[in-house]
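Below is one structure, written out as structure tokens, with a few remarks after it.
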Amino acid sequence: MQTVIYSGPMEIKKITLHSDTSGQEFSLRVLYFQCSGSAPSVYIQAALHAHEMPGMVALDRLIPRLVKAESEGRLSGNVTLVPHANPIGLAQGVHGETLGRFDLNGRINFNRSFPTKMAKELSGRPAAERLKATLIEIAVNADVVLDLHCDDEGPVYLYVSEHQLGEGRRLAHAMQARVILTDASDDPISFDLAVGGRWTAENRVEDTRFAATIELRGMMDVTPDLAQQDSDGLYRYLVDLGTIVDVLPDIDPDDPIVGDVDSAELIPSPVPGALLYDVNVGDWVKKGQRLAVVMSEPGEKNQEILSPFDGQIMTRRDRRFVRRGDDVIKVLRHPLP
Ligand SMILES: [Zn+2]
């Protein structure tokens, strides 16, 4: 069910999703900025992993600029925003923690296993499936789809399909992303790949179509300055696309490092314990260099975590306790500069 709850320069619709239990329902808030222009239309969602806040706060900063562009007649393509894409995950508070990455009932990652059916065909299926189908149905109408996430601790980086690297570079330039990871496979399938799959299935693949995941640093990187910086990046990309008409000063960021997803390796800890890092996100490291130690028993020798190759530290874990087999750090294989 859709309800229009505001109609001004932008239109806000509320989509109701019935819960899987009696007595409650979820709603999805969708913001539409519409015009008669023919520039690429853009869909941006945040917080599909419900507790990842950097994207949501960036959209909060972007919205007034879209309202202004629309009211000044500078909108040349439609923009659709879903600032909180996952009301189900947001409600999953367990013992003081919000667990927004996996559906607690279905045990599936909210950014995996997207249904190929339409939401109306899934009326008897769990809410998480209907939510995923609904998001895809809104997103596939756009030419450009951006899914905003964040890591535990990391830089701004992108996931794009291998064949869309050219457009990925343009997005990376606007967002000042440090790394682009390309994916040639469709498995496991994330939101951006699922949207691409639907475009292919519906024979809607055109040159303008582009879908990407943007990782906006780490879970703790939620500050006014970073929200503004990410909003600036999204706005710049909308201007680059021609979706918004504006003139911005040139920026000259470094070229991003490009690698395929398999060139970024997560290193697990063979022992449980306290995690003490020797390196930071962005550091260059040599093969065999110590990246961290895991202290299992005070007074005993620590377990060393060594780099398997030359490269750059991409991401670190945000908690400092590891269980045996937990991932500790992600290193991107790359020749040292
Ligand atoms: Zn995420």
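The values are calculated or read from the model by the stated rules, or taken from the named source; none is laboratory data. Remember, predicted model here, so these are calculated numbers, not experimental data. With ideal geometry, Cβ positions are generated from the backbone for all residues, glycine too; neighbour counts draw on all protein chains shown. These accessible areas exclude ligands, DNA and RNA; they are computed on the full protein's heavy atoms, side chains included. Shrake-Rupley method; radii C 1.70, N 1.55, O 1.52, S 1.80 Å.
For this structure, a couple of remarks:
- FRET efficiency, 1/(1 + (r/R0)^6) with R0 30 Å, evaluated for Met219 and Ile108 via beta carbons: 0.90
- Scanning the chain for GluC sites (Glu not before Pro) in DSSP loops with at most 14 neighbouring Cβ atoms within 10 Å leaves 73-201 as the longest stretch between them.
- Computed over the chain, relative contact order equals 16 percent, with contacts defined as Cα pairs under 8 Å that lie 6+ residues apart.
- Restricting attention to the chain, the count of lysine pairs at 8 or more positions apart or across chains with alpha carbons under 17 Å apart stands at 6.
- Three-way shape call for segment 2-255 based on the alpha-carbon gyration tensor, with the a/c threshold at 1.5: rounded
- Amide H contacts under 5 Å for Ala292, placed H, 5+ residues apart: Asp278, Ile305
- A Cβ-based charge dipole, computed about the Cα centre of segment 1-120 with Lys and Arg at +1 and Asp and Glu at -1, lands at about 220 debye.
- Per residue, the solvent-accessible area of the chain (1.4 Å probe, heavy atoms of protein chains only, all protein chains present) comes to 48 Å².
- Cα gyration tensor category, rounded, prolate or oblate, for segment 83-226 with a/c compared to 1.5: oblate
- Charged side chains reduced to their Cβ positions (Lys and Arg at +1, Asp and Glu at -1) give the chain a dipole of some 720 debye around its Cα centre.
- A Gaussian network model of the chain, with springs between Cα atoms under 10 Å, assigns the largest mean-square fluctuation among Val82, Val156, Val261 to Val261.
- The chain: most fluctuating residue of Gln45, Gln24, Gln164 per GNM, C-alpha cutoff 10 Å: Gln24
- Local electrostatic count, Arg204, Cβ distance below 10 Å [Lys/Arg +1, Asp/Glu -1]: -1
- Rounded percent of accessible protein surface that carbon and sulfur make up, the chain, 1.4 Å probe: 49
- Note on the chain: GNM, Cα springs under 10 Å; of Phe191, Phe26, Phe110, the largest mean-square fluctuation is that of Phe26.
- Electrostatic tally near Val145: other residues with Cβ closer than 9 Å to its Cβ, Lys and Arg +1, Asp and Glu -1, net -2.
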